[in-house]
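K.L.:
Questions regarding the structure given below will be posed in turn.
The values are calculated or read from the model by the stated rules, or taken from the named source; none is laboratory data. Keep in mind it's a predicted model, so treat the numbers as computed, not measured. Cβ: placed from backbone, ideal geometry, glycine included. Neighbour counts: every protein chain shown.
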């Protein structure tokens with residue numbers, strides 16, 4: 001993690017990761033409203049849709065990390081929310097996913113994307129600015145560790161929405177969304193999109209506030 005952060009602080013364009021993550025985050029934010037209404041028929045259908053709509057078809061290491069991060073995020077959120085299967089089986093109210101599930105998906109995606117990128121870096125022996133130990137990762141330990149330790153750095157759109165409702169200046173774009181803060185299908189995707197630069201900046205080490213886990217990440 002420290003090696004990745006050092007690389008991107010020296011050159012934000014490295015690997016195209018920053019721009020790719022921002023675009024993917026904005027796409028994911030745009031899908032949240034429809035997922036709250038429609039849900040998905042199955043986890044495979046959800047992954048396929050998100051891989052297509054969020055991951056795109058680019059061929060870079062960053063693009064591949066986004067697509068694998070989407071799949072990993074769906075898996076991880078299902079582990080957190082067993083009730084997610086109800087919506088996919090048509091048993092959820094209105095057929096869509098609850099917003100707490102979608103906000104978790106948003107957070108977990110950014111963490112899983114970074115984990116999948118680093119796993120690829122190690123597997124393909126891509127050099128970062130700071131030398132890293134090249135080792136095999138047959139059990140996904142790198143990606144799992146990163147996801148567990150990075151996810152809390154990602155802002156949660158549901159929490160931000162609650163802040164907007166009570167404090168109009170809690171989010172930079174609050175003035176444009178506070179009027180619809182009581183309408184989650186409209187407000188939350190907008191808030192999620194507004195949080196993308198902060199989410200990407202934090203997981204990539206470009207925003208240093210509250211990134212207290214970096215010393216441990218180098219261990």
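K.L.:
Only one of (1) under 21 Å from residue 156 (Cα atoms); (2) buried (at least 23 other Cβ atoms within 10 Å of the Cβ); (3) in contact (Cβ under 8 Å) with a residue 40 or more places away in the chain fails for residue 87. Which number is that?
P.N.:
Going through the list (1) under 21 Å from residue 156 (Cα atoms); (2) buried (at least 23 other Cβ atoms within 10 Å of the Cβ); (3) in contact (Cβ under 8 Å) with a residue 40 or more places away in the chain, residue 87 breaks only (1).
K.L.:
Using the structure shown, decide if residue 40 is crowded, with 17+ Cβ neighbours inside 10 Å and either in a helix (DSSP H, G or I) or at pLDDT 95 or above (or both).
P.N.:
No; evaluated as a whole, the condition is false for this residue.
K.L.:
Take residue 97 and tell me if it is assigned to a loop (DSSP other than H, G, I, E, B), touching a residue at least 12 places away in the same chain (Cβ under 8 Å) and touching a helix residue (DSSP H, G or I) at 6+ places or on another chain (Cβ under 7 Å).
P.N.:
Against the criterion (assigned to a loop (DSSP other than H, G, I, E, B), touching a residue at least 12 places away in the same chain (Cβ under 8 Å) and touching a helix residue (DSSP H, G or I) at 6+ places or on another chain (Cβ under 7 Å)), residue 97 qualifies.
K.L.:
What pairs come up if the first residue lies in region 2-22 and is without any contact (Cβ under 8 Å) to a residue 12 or more places away in the chain, the second is in a helix (DSSP H, G or I) and surrounded by fewer than 17 Cβ atoms within 10 Å (Cβ to Cβ), and their beta carbons are under 8 Å apart, counting only those six or more places apart or on different chains?
P.N.:
13/19
K.L.:
Looking only at region 151-165, decide whether some residue is in a helix (DSSP H, G or I) and at pLDDT below 60.
P.N.:
Within region 151-165, one or more residues are in a helix (DSSP H, G or I) and at pLDDT below 60.
K.L.:
Check residue 79 against each of (1) over 12 Å from residue 114 (Cα atoms); (2) touching a residue at least 12 places away in the same chain (Cβ under 8 Å); (3) assigned to a helix (DSSP H, G or I) and name the one condition it does not meet.
P.N.:
So residue 79 meets the others, but not (2).
K.L.:
While we're on this one: Tell me the residue from 28, 50 that is in contact with a helix residue (DSSP H, G or I) (Cβ under 6 Å, 6 or more places away or on another chain) and under 18 Å from residue 202 (Cβ atoms), please.
P.N.:
The conditions single out 28.
K.L.:
Any chance region 110-126 includes a residue that's assigned to a loop (DSSP other than H, G, I, E, B), surrounded by fewer than 20 Cβ atoms within 10 Å (Cβ to Cβ) and either at pLDDT below 55 or in contact with a strand residue (DSSP E or B) (Cβ under 7 Å, 6 or more places away or on another chain) (or both)?
P.N.:
no
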